[in-house]
Structure formats: structure tokens, C-alpha cells
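Engineer: First the structure, then my questions, so here it is.
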Amino acid sequence: MDNSRLYPGTGQPAIRDVWAARKRISRLVTKTPLVKSSNLSEQFRSSVYLKLENMHEIGTFKIRGAANKILSLTPEEQQRGVTTFSTGNHGLAVAYVARKLGIPAVICISKRVPDVKVKALQKLGATIKIHGSSQDEAEGYCHQLAEKEGLTIIKPFDDPLVIAGQGTIGLEILEDFPEIDTVIVPVSGGGLIAGIALVLKSNDPDIRVIGVSMEKGAVMYHSLRAGKPVVLEEEDTLADSLLGGLGRENHYTFPMVQKYVDETVLVSEKAIAQGMAFLMKWHRMIVEGAAATGLATLFEKEPVSPSSNVVLVVSGNNVDLPAFLKATQEFI
Ligand SMILES: *Cc1c(COP(=O)(O)O)cnc(C)c1O
């Protein structure tokens with residue numbers, strides 16, 4: 001890979017890869033707002049900010065990693081086209097970036113992906129292949145397809161260029177709120193938190209990085225405790241974007257999360273629903289379950305001492321409206 005510099009010897013992205021990503025993706029990705037939550041700040045006697053990754057055109061941060069990876073491909077690779085497997089938001093990002101660049105995209109998803117996401121993918125002009133009932137099954141199918149048709153697989157998280165792309169969130173947070181001492185980040189495969197943690201820890205190792213997942217099917221959480229990637233049954237959860245394994249062979253995100261992340265926590269479905277309701281009620285925003293896990297962490301775990309400077313990463317808004325209303329009605 002000639003146009004990206006990776007941390008020598010490890011293949012892991014370095015902080016300058018994140019700066020390079022920022023430059024590369026600037027034509028497709030706009031900086032997102034960091035807004036103070038006065039209500040949360042009062043409640044927790046701290047400064048609590050929300051990093052609004054739900055504000056991208058496609059409603060999620062995954063556009064950052066996808067854009068950085070696809071823009072790094074050779075013109076020949078771009079012409080042949082790209083493919084991916086995804087619980088939805090990454091597929092959406094790949095389809096969006098491919099359409100912007102005028103290249104073909106095939107998205108392989110499992111049948112667990114909510115209808116709203118399938119429709120959004122179709123609207124972006126991608127070819128959709130639905131296969132199996134878990135992300136790992138969709139992944140197997142994607143590999144066969146890539147081999148047969150010469151497509152490049154854009155992985156959802158375990159790729160240094162994808163991690164560097166997600167890391168640009170960390171740069172933006174530091175620019176807007178250099179006083180930050182704690183960040184709470186939703187975790188699935190770990191690309192989001194690996195990128196953000198790389199940036200924050202490289203600037204100040206004392207910044208606390210907390211990863212959060214739902215109680216049901218939290219693969220990274222249990223893998224960290226087992227010391228190696230584990231496989232779990234997928235279950236229905238409000239945080240469906242956090243489902244999925246660490247990939248058949250994890251090279252980057254698992255070791256990076258082991259190295260950089262201070263703690264990982266689990267939150268209940270009820271706390272996630274409360275977080276979603278809170279954002280609607282006090283910030284007039286509709287977000288998906290995964291994006292509300294940071295708030296759920298504050299409500300359920302109270303992890304911050306008074307006078308902290310906290311950022312919650314609000315990661316996306318792709319949620320079926322009926323599901324949103326059903327989950328939140330008792331808290332509004
Ligand atoms: C993908 C995703 C995450 C988790 O990102 P990983 O890099 O897989 O850990 C969190 N929130 C939303 C909305 C997502 O789509």
C-alpha cells in the first residue's frame with residue numbers, strides 16, 4: 001500500500017495515518033458537531049458533550065472508514081468494484097461512497113438486518129445479497145463472491161485504513177474540546193473505539209477510554225476477558241448495530257482495544273431505551289440503540305466523578321421508527 005503509512009512492524013495504524021485519513025476523506029465527509037448536553041452536565045455535575053455522528057448524510061460515522069479505504073484503492077481496483085458484509089451501517093457507507101465515486105458495490109448482509117437498512121441500501125443503488133442469519137455467514141458468502149468477481153472486500157472494522165478513518169472522530173473531538181478526560185464509545189468489532197483511542201491516547205495517555213456494548217451478544221467484552229476472540233450467539237437487541245463477531249481472523253482491532261481501552265462495560269436494554277428517549281426528549285434527536293449506549297452507561301454505571309469532561313459518541317440514527325417508538329414510549 002504505497003499511499004498510506006502504517007506503524008512500522010505491526011501493521012497497526014499510527015497517528016499520522018489518521019491525519020492522512022482526514023485529508024483523504026475531506027472531500028466526502030464533513031466534520032460533525034460536538035454539542036454540550038446541559039441536562040446531562042447538571043445531572044452528573046460534569047461537562048458532558050455529545051459527538052453527533054448521527055449527523056452524517058447517511059446517519060452514521062461508518063462513512064469515515066469506508067471513504068478512507070475506498071479512496072486508497074488503485075484506480076483498477078476501484079473500477080472492478082467493492083463488496084462488503086455488514087449488519088447494515090457499514091454496508092450503507094460503502095454503497096454511499098461507491099456511488100459518489102461512480103464505482104460498483106455489492107453488499108452481502110444477513111437476514112437479521114432490519115428492513116429500514118435494506119431499503120436504504122437499495123436506494124443507494126448497491127446490489128444487495130441476503131445470505132445466512134449472522135454476520136459471519138454473510139462474511140463467508142462475501143469472500144466467495146469477491147474471489148469469483150474480482151471485487152475488493154471493504155471490511156467493516158478490521159482494516160488499518162478503516163480504523164484510521166474512524167479515528168478522525170478523535171481528531172475532531174480534540175480540536176473542539178481539548179479538555180476532554182473521558183470518552184465513552186459504543187463497541188462492536190472495535191474499529192470505532194480503536195481509532196478514537198489511538199488518537200486520544202497518543203495525545204494524552206491519561207484520557208480514559210470506556211467501551212460500551214449491550215448485555216446480549218457483546219463479543220468484544222467477552223473476548224477481552226477470555227484473552228482471545230470468542231464467538232457468541234446473536235440475539236435481538238435495541239443496539240443491533242453492535243451485533244457481530246470480531247471476524248474469522250482478527251488482526252488489528254482486538255489487539256488495539258486490548259492495548260488502548262481502559263474499561264469495557266455492558267448496559268441493559270432498558271438503559272439503552274432510556275438513553276434513546278432522553279436524546280429525543282432533551283435534544284430532539286432520534287438515534288438508534290447503539291448510539292444511546294453512552295447515555296445508558298452514564299445512567300446505569302455512573303462511571304464519572306464530578307467535574308469530569310466527558311464526551312459520548314452518538315454513533316448513528318438508522319432505526320425503524322415503529323421500533324423506536326415502541327422502545328421509548330414508556331420513558332417519554
Ligand atoms: C458499527 C457501529 C458501531 C460500532 O463500531 P465498531 O467499529 O464495529 O466497533 C457503533 N454504532 C453504530 C451506529 C454502528 O453502526
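The values are calculated or read from the model by the stated rules, or taken from the named source; none is laboratory data. Quick caveat: nothing in here was measured; it's all calculated off a predicted structure. Because the Cβ atoms are built from the backbone with ideal geometry, glycine has one as well, and the counts that use them run over all protein chains shown.
Engineer: Considering every residue within region 297-320, establish whether at least one is without any contact (Cβ under 8 Å) to a residue 60 or more places away in the chain and within 24 Å of V118 (Cβ to Cβ).
Structural biologist: No, that holds for no residue.
Engineer: Restricting to region 71-98, and then to whatever is at pLDDT below 95 and part of a helix (DSSP H, G or I), can you tell me which residue is surrounded by the most Cβ atoms within 10 Å (Cβ to Cβ)?
Structural biologist: Taking the candidates together, the pick is G91.
Engineer: Regarding region 196-203, can at least one residue be identified that is modelled with pLDDT under 95, in contact with a Gly (Cβ under 7 Å, 6 or more places away or on another chain) and surrounded by 23 or more Cβ atoms within 10 Å (Cβ to Cβ)?
Structural biologist: The answer is no, given that none of the residues of region 196-203 is modelled with pLDDT under 95, in contact with a Gly (Cβ under 7 Å, 6 or more places away or on another chain) and surrounded by 23 or more Cβ atoms within 10 Å (Cβ to Cβ).
Engineer: Where in region 257-332 are there helices (runs of 4 or more DSSP H), lying wholly inside it, with at least 2 residues that are away from the ligand (no atom under 13 Å from the Cβ) and aromatic (F, W, Y)?
Structural biologist: Correct list: 269-283.
Engineer: Polar (S, T, N, Q) and surrounded by 24 or more Cβ atoms within 10 Å (Cβ to Cβ): does that describe S307?
Structural biologist: Working: polar (S, T, N, Q): yes; surrounded by 24 or more Cβ atoms within 10 Å (Cβ to Cβ): no.
Answer is no for this residue.
Engineer: Determine, yes or no, whether D262 is surrounded by fewer than 22 Cβ atoms within 10 Å (Cβ to Cβ), within 19 Å of the chain's Cα centre (by Cα) and at pLDDT 95 or above.
Structural biologist: Judged against the criteria, D262 is a match.
Engineer: Another question, then. Within region 127-140, does at least one residue satisfy the condition of being within 13 Å of the ligand (Cβ to nearest atom) and either surrounded by fewer than 17 Cβ atoms within 10 Å (Cβ to Cβ) or over 17 Å from A95 (Cα atoms) (or both)?
Structural biologist: yes
Engineer: For R27, which of the numbered conditions (1) under 19 Å from Y252 (Cβ atoms); (2) over 20 Å from the mean Cα position of the chain (by Cα); (3) among the basic types (K, R) fails to hold?
Structural biologist: (1)
Engineer: Out of V113, V118, I need the residue that is part of a helix (DSSP H, G or I) and under 21 Å from V319 (Cα atoms). Which one?
Structural biologist: Being part of a helix (DSSP H, G or I) and under 21 Å from V319 (Cα atoms) holds for just one of V113, V118, which is V118.
Engineer: Select the helices (runs of 4 or more DSSP H) contained entirely in region 153-253, then report the ones holding at least 3 residues which are away from the ligand (no atom under 16 Å from the Cβ) and either β-branched (V, I, T) or over 21 Å from S133 (Cα atoms) (or both).
Structural biologist: 160-176, 191-203
Engineer: Test L121 against the stated conditions and say whether it is without any contact (Cβ under 8 Å) to a residue 60 or more places away in the chain and surrounded by 18 or more Cβ atoms within 10 Å (Cβ to Cβ).
Structural biologist: Yes, satisfied.
Engineer: Taking region 26-62 as the search range and keeping residues that are among the aliphatic types (A, V, I, L, M) and more than 17 Å from I173 (Cα to Cα), which one is surrounded by the most Cβ atoms within 10 Å (Cβ to Cβ)?
Structural biologist: Ranking the qualifying residues of region 26-62, first place goes to L40.
Engineer: Just one of (1) under 19 Å from S315 (Cα atoms); (2) of a type in the set (K, R); (3) in contact (Cβ under 8 Å) with a residue 40 or more places away in the chain trips up K36, so point out which.
Structural biologist: The number of the failed condition is (3).
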